[in-house]
Every structure is written in C-alpha cells, then in structure tokens.
Amino acid sequence: MMSFPRIRHVGVPVTVVALLVAGSLRAAPPPCSGADLPPAVAYLLQAEASLTRSPVWPGCSLLKRPMLFFLEADRQAWLVGGARPPVGYRIVCQDPVIVAVRKDVVADFSTTWDKDYKLKGLECFAFRFAEGENVRSAFATCVHEYFHSFQSTTFVHEEFNQGYEVEDADNQALAAMEQRALARAVTAKTADDRARFARVFVAVRALRNRRWGEAVSKTENCEERLEGTADYVEQMLVGRPDVLGDSGDAGVATMTPRLMEMPLLESMAMKRLYATGSAQGYLLDLAGVVGWKEGVVSGKSLFELMAAGYPVAEDDRQSIIEGAKTELFGYEACVGEYRDTLAQTKLDRDRALAAYDAQPGYEIRIGATSGYTSASSTGSQYRLPDRETFYTRIALFKAEGDGYRLELKDLQMIKGTGVRFRVSSSATVLLDGKLAGWNSATRKFLTITIKGPGLSFEAKRAGTWTIEGRVARIDWEK
C-alpha cells in the first residue's frame, strides 16, 4: 500500500485568493484585436496582417524590427514589435505582437522618420506623426519611407537622382503622353485595352530614350526603380480594404489623377516618376510577368521589364506614337504650350537668381553631407545645372546627420549634393567656440556654430571655413 506524505494546510482567506487570481488576470495584456489603440498603430497592425496573408513585395514586412511611432498631438510614443519594451513603456497588448506605450514624450529628432533610431539600445524604425496631420496620409508616407529602408538592405545599390538637365518642349509633351497612356492602361476595362495603352507607353519611352539618351534615361530609370517601387508598395498596400478600410482599388484611384497631371519642368526629374513607376509595377502584375520584382532588386529598370512584358516591334513604334498624339490629347498644341511655359520659366528663373545674388551679406556653402532632410517650400522651385534646385522661399528646412544640424526659416536656398543660402553679415560664427569675423581667410575647426536671422547651424566635425569675397565655404575633412 502506497503512502503519501502528509500535506500541511495553511489557511488563506477566500477573499485574498480571489484578489490574487484577479490580479494575475489583469497582469496578462489582452490580444491587440480588442485593445484600445490609436489609429496609426491600428493601421500598422492591419497592414502587417494583410502582408502576412498576401505579400506586396518579396521579403518585405513592416515589423522585421520594431516600429516606433511618436504621436506629437498626444505626447505619446508607441512601440510595436520586439521581445521586451524598455523601461518606461507599458505593454498594452501582445498578440500578434507586443504593443507598448510611453506617455509624456515627443520625438527627439526633427525629421519625419529615422530608419536607425536607437531606443535604449533597441534599434527601431521611428516615424513622427506631427500635430494636426492627417493620420491616414501620414501612415501612407510611413509605408513609403519604410520601403526605402528595406531597399537599402536588399536592392543592388544605385546612385540616387543622377541629375536631369534637359529643357525641351517635345520632351515634356512626350512625357505627358507617357503618363496619359499609363492612366488609360491602369484603368482599362479589358486586357486588350490595357495592353494597347501599355504599349503606347513603351513606344513613347523608347523614343525619348533614343532621342535624349542618358540625359533622361539614367534619372528616370533610377527614380522609378527607387521612388516608383516605394510608391507602388505604398499604393498597393495602403489601398487594400483590409488596411484602412477603403473600398475598391484605392491604390489605382490614387495613382490615376497624378498620371493625368501635365508634368512641369521641375517635376520631370523626380515628382512625376513616383506615379509612372508605381503604374508600371501595377501593369507588370496584371501582365503576370514572373519575377519582375526580383529583377528590380537585382538592378533592372522598370522600363526594361515593361518593354519585355508589353513588347513593341521597332517598326511599329512610330505609327503607335502618331496615333496616340490625337487619341490621348492634342499633341501639337501641347508642345506649343510647353514652349511658351519654358520660355517664361527661364525668364523667371534668371530674374530670381539675379535677385538672390543681389542680396546683401554672404552666401554660405556647406559641403555634401549624409543624413535626413525635411523641407517646406512656399515659393517657386527651379532646376539648375550641376544637379541643383533653387528654392525661392523655404518656410522651414531641417537637416541633420554626420555630426551636424542645420535649420533654415523663411530663406532662399540652393540644394544639390550640398546646400547654399544667403545670410546677413550680422550672423555670428564660432569656430571651436571662438568668434570668427567675415574677413577673407581659411581656418580649420573641430566645431562650428553659425547663428543668424532664419539660420541655426551646429557641427561637431573637422573641416575648414574659407571666405572668398562674399562667399563663405565649409568643407569637411575626409
């Protein structure tokens, strides 16, 4: 006969047991589906669930590493993903991922996003939702910028924005024809119409590449491959009904009006290529082109893949283009309008540059840096040689990285690989903490600070400060 040790019973009041049980239940965070979450976090969880069910891009998940949202209006930081949140963050829910919040905190960076944000040793993709910002629109931007982070670790590297210096009315009119053809293709009701208009795009792009060569093709291929695919992922994911709750094909609905816009000179090198890139990706999907995304990752251009997916015989190109000139819009009238617009743009640009040069004070030129920038422009923008853009009025420009921080308010600015702007001679310059004048000289420094009307610049890195005439130049040591 087996014997068991005697168990000593310790009396515990029933009420105490009940409290212990209730406390343990409260200690377990609920599933995220039932938690009270801000819209931005809910959109993120819905988007990730949608990606799990049906990927938009091979290997792309929004939560491969934690995502940190700063909600400026509520002074809250929300951490989504990761194994354990840092001290100060309270877990709100934990299924399918851990979601935690910290109150009374704002972003400690001035840009919209930071792909390598360090949160107490935890590396995150951080995104700032500004006060008063449309959350749906901001979340779409978050998806777009996150995909750039994904590109940086997966895509074959390509120099960003090769430069674009073609100013030609025919080039702009043909670019408008490309966009109209893509708009008709993505909204076509039948596969035959879709293929017909896609081939119009291929024929026109081939003509432009042959006529202007790398002066247009290098920039367009680069921007469509990087910005176009980011726009494609943004539209194809955020436009799904199970992400933001939109009905129908919201991605195509967003894409189409942008394609119908007549491209301005300043949009030829970048802005228009977001929509042309995403439209090509969408059409490659519809054509069933296998492996096109892997091809883009390995370095192929979207146009190269489109030309293979919607082939056009060289002998047929001209007849296709001639037919499209009347079917899509009045081509000759369009060329005439662009000639007038270009002439006026050149006149306005020359006058604006002359006014810029005539300002009193000094032009400060800061050498190329890497980091993040954000800008709010309230004036005209003009393309200049050497891959520069002239902003006639910047409401606010911020840049930081590489040991520097720059902020401009209500100034004019010319931005290329570096940045230049004019300031009053009343601005103060400190080199290694000592006041420096505006006399012609070249001086080395380890730290530099410049403060003046509309200007705040600080850098903790070695360089030289050179003044020649009315130009002050900052060059960084290698």
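The values are calculated or read from the model by the stated rules, or taken from the named source; none is laboratory data. Being a predicted model, the structure only gives us computed values, none of them experimental. Here Cβ is always computed from backbone atoms with ideal geometry, including for glycine, and neighbour counts include all displayed protein chains. Heads up: the accessible areas ignore ligands, DNA and RNA and are worked out on the full protein's heavy atoms, side chains in. Shrake-Rupley method; radii C 1.70, N 1.55, O 1.52, S 1.80 Å.
Taking amide hydrogens as placed 1.01 Å from N in the peptide plane, the amide H of Glu72 sits under 5 Å from those of Phe129, Glu131, each at least 5 positions away in sequence or on another chain.
The phi torsions of the stretch 448-456, fed into the Karplus equation with coefficients 6.51, -1.76 and 1.60 and a -60° offset, translate into couplings of 9, 9, 10, 10, x, x, x, 9, 9 Hz, rounded to whole numbers, with Gly and Pro shown as x. A straight line joining the Cα centroids of the stretch 178-205 and the stretch 376-443 runs 43 Å. Relative contact order for the chain: what percent, with Cα pairs under 8 Å and sequence separation of 6 or more? Over the chain, the number comes to 11 percent.
Here's the list of lysines a cross-link from Lys325 could span, going by alpha-carbon distance under 22 Å and ignoring same-chain residues fewer than 8 apart: Lys189.
Report the FRET efficiency, 1/(1 + (r/R0)^6), for Trp212 and Thr417, where r is their Cβ-Cβ distance and R0 is 25 Å, rounded to 0.05. The value I calculate is 0.60. Labels on offer are [x] 46; [y] 36; [z] 39, and the one holding percent of Cα pairs over 35 Å apart computed from this structure is [x].
The charge dipole of the stretch 178-291, taken about its Cα centre with unit charges on the Cβ of Lys, Arg, Asp and Glu (plus for the first two, minus for the last two), comes to roughly 580 debye. A crude spin-label estimate for the pair Thr154 and Ser137, with each label 7 Å from Cα along the Cβ direction, gives 2.8 nm. Projected label points at Asp36 and Glu332, each 7 Å from Cα along the beta carbon direction, are separated by 6.9 nanometres. For a Förster distance of 56 Å, can you work out the FRET efficiency between the beta-carbons of Arg351 and Ala49, rounded to the nearest 0.05? Approximately 0.55, to the nearest 0.05.
Solvent exposure of the stretch 96-187 amounts to 41 Å² per residue of accessible area, where only protein heavy atoms count and the probe is 1.4 Å.
Each part gets one Cα centre, and for the stretch 41-93 versus the stretch 453-467 those centres are 37 Å apart. Of the cross-linked pairs Lys271/Lys346; Lys120/Lys293; Lys409/Lys434; Lys64/Lys300, those separated by over 31 Å at the C-alpha level are Lys120/Lys293.
Dipole check for the stretch 268-371: with +1 at the C-beta of Lys and Arg, -1 at the C-beta of Asp and Glu, and the Cα centre as origin, the magnitude is about 440 Debye. Projecting the Cα atoms of Ser425, Leu174, Gln280 onto the charge dipole of the chain (Cβ charges, centred on the Cα centre) puts Ser425 farthest toward the positive pole. For the stretch 72-85, backbone phi angles converted through the Karplus equation (6.51, -1.76, 1.60; θ = phi - 60°) give residue-by-residue couplings of 4, 5, 9, 6, 10, 10, 10, 9, 10, x, x, 7, 8, x Hz, Gly and Pro being listed as x.
Rounded to the nearest 20 debye, the dipole size of the chain about its Cα centre is 1760 debye, using +1 on the Cβ of Lys and Arg and -1 on the Cβ of Asp and Glu. Potential lengthening of the chain between Arg365 and Asp410 amounts to 14.5 nm, from the contour at 0.36 nm per residue minus the alpha-carbon distance.
May I ask which residue of Gly82, Gly361, Ala198 lies farthest towards the positive end of the charge dipole of the chain, with charges of +1 (Lys, Arg) and -1 (Asp, Glu) on Cβ and the Cα centre as origin? Farthest along the dipole direction, towards plus: Gly82. Projecting the Cα positions of Ala395, Ala308, Thr345 onto the charge dipole of the stretch 305-424 (unit charges on Cβ atoms of Lys, Arg, Asp and Glu, taken about the Cα centre) puts Ala395 furthest along the positive direction.
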